[in-house]
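Down below is the structure, laid out as structure tokens.
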Amino acid sequence: AIEEGLIEPSTLIDCENGHWSVGRTRIHDDHGQGVVTVTDVIKKSSNIGAAKIAFMMGKEVTISYLGQFGFGQPTGLDFPGETRGVLRSAETIKPIELATTAFGQGATANAVQLAYALAALGNDGARMRPILIKEIRNEHDDVIVRNVPMVERQVVSPETAQKVVDMMETVTQEGGTGRAARVPGFRVAGKTGTAQKADPKGGYSETDRIGSWVGL
């Protein structure tokens, strides 16, 4: 949305005090907020704020950017059993699905995809080809395969990437959801994730959660 000129970190978003209806479904924030900046949407991890930003962009632009960051497609590592994740198409996605995709519950991703996407922001918006093996040598110590860093796509401008990383740095600061990720002597940026656990009886648990963190 920053790259498209729709918002800035200081743009105000109404987070509806933690409860917002999309069609017949209510979206909730664990920590309800009123009108806050986009930076605070990231810092406080507002589902409603993220959904509203996706609606500003529209389904085609939102899904396109998620694809450009590597979601919903193989990473190219060619390891057996890797899942490509689930990312709905812009042609079939419903409004409530666009909202949940915006804050991560309407899509799935593997750990490499998450690292891959965040690394692009840390690398001035350039998405790199992921590499697990630097080189392969034969029994004579000759290099027979060497993998070198390669830019796959410039997803967003360096200026946009820096603004997003700066916002994500506030997540680890006072009042943010990722304060435990601070490392003395380093600047740390990232994002917390909270997923409801599947209920064996069907649906999702109202009390059991899986917490996650991705950072740089």
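The values are calculated or read from the model by the stated rules, or taken from the named source; none is laboratory data. The structure presented is a predicted model; accordingly, all values stated were derived computationally and were not measured. Cβ atoms come from the backbone with ideal geometry, glycine included; neighbour counts cover every protein chain shown. Side chains included, ligands, DNA and RNA excluded: accessible areas come from the protein's heavy atoms. Shrake-Rupley method; radii C 1.70, N 1.55, O 1.52, S 1.80 Å.
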Response to the item:
Simple spin-label estimate for residue 91/residue 137, 7 Å along Cα→Cβ, in nm, reads 5.1 nm
Discussion item. Exposed loop sites here are GluC sites (Glu not before Pro) in DSSP loop states with at most 12 other C-beta atoms within 10 Å. What is the longest stretch of the chain lacking them?
Written reply: 1-90
Worksheet item: Among 52/191; 163/191; 52/94; 94/201; 59/197, which pairs are too far apart, with a Cα-Cα distance over 21 Å?
Response: 94/201; 59/197
Practice prompt. Would you mind estimating how fast region 1-71 diffuses translationally, via Stokes-Einstein at 25 °C and 0.890 mPa s with the Kirkwood radius over Cα pairs, in µm²/s?
Written response: 194 µm²/s
Worksheet item: P(r) of region 1-151 in 10 Å steps, Cα pairs, percent per bin?
Response: 10, 32, 32, 15, 7, 4, 1
Worksheet item: Suppose R0 equals 30 Å; then what is the FRET efficiency for residue 188 and residue 210 from their Cβ-Cβ distance, rounded to the nearest 0.05?
Response: 0.90
Fill in: Rounded percent of accessible protein surface that carbon and sulfur make up, the chain, 1.4 Å probe
53 percent
Worksheet item: How big is the Kirkwood radius of region 138-201, worked out from every pair of different alpha carbons and given in Å to one decimal?
Response: 16.1 Å
